[in-house]
Amino acid sequence: MRHLTLALHPRHAACLFEAREAGADEDDLLQVAPEVLGEVYFRDNGRRAHGLEVELKDLVDLEFEL
């Protein structure tokens, strides 16, 4: 289990908030979140883990705030 606390760059956070404002439901956001988290946390904004695909499974809690 991973516990992540990240400060997302505004361009990454914007992807999530724009999807939500466009009417995305929880399932839709769970399609956007892995790409954003993959880029920021695992691929370190293109500095490592090139081509790594991220999948969110068995979530306990997922929360975003400003």
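The values are calculated or read from the model by the stated rules, or taken from the named source; none is laboratory data. Bear in mind that the values here come from a model prediction, so they are computed numbers and not experimental data. Cβ sites come from the backbone with ideal geometry, for glycine too, and all protein chains shown count toward neighbours. Only protein heavy atoms, including side chains, enter the accessible area calculation; ligands, DNA and RNA are left aside. Shrake-Rupley method; radii C 1.70, N 1.55, O 1.52, S 1.80 Å.
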Degrees, to the nearest 10: 26-37 long Cα axis against longest axis of the chain: 30 degrees
- request: Count neighbours as other Cβ atoms within 10 Å of each site's Cβ, and list the trypsin sites (Lys or Arg not before Pro) in the stretch 35-66 that are DSSP loop with at most 14 such neighbours.
  value: Arg47, Arg48, Lys57
field: Asp25 versus Glu55: modelled label distance in nm, points set 7 Å from Cα along the beta carbon direction
entry: 2.3 nm
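Using just the helices of the chain, give the 222 nm mean residue ellipticity in deg cm²/dmol: DSSP H runs with n ≥ 4 each add -39,500 (n - 2.57), and the total is spread over all residues, rounded to 500. Write out the running numbers ahead of the final one.
On the way: 2 runs with 24 residues, N = 66.
The helix contribution divided over the chain gives -11500 deg cm²/dmol.
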query: Under a 1.4 Å probe, what is the accessible area of the chain per residue, stated in Å²?
result: 81 Å²
query: Which sequence of Phe42, Phe64 reflects their accessible areas, 1.4 Å probe, from the largest down?
result: Phe64, Phe42
- request: Could you please state how large a percent of the accessible area of the chain is carbon and sulfur, counting protein chains only and using a 1.4 Å probe?
  value: 49 percent
Between 0 and 90°, nearest 10: helix 10-21 axis offset from the chain longest Cα axis: 30 degrees
message: Using Cα-Cα distances under 8 Å and only pairs 6 or more residues apart, what relative contact order does the chain have, in percent?
response: 23 percent
- line: Between [x] 79; [y] 138; [z] 96, the structure-derived volume of the Cα convex hull per residue in Å³ is [z]
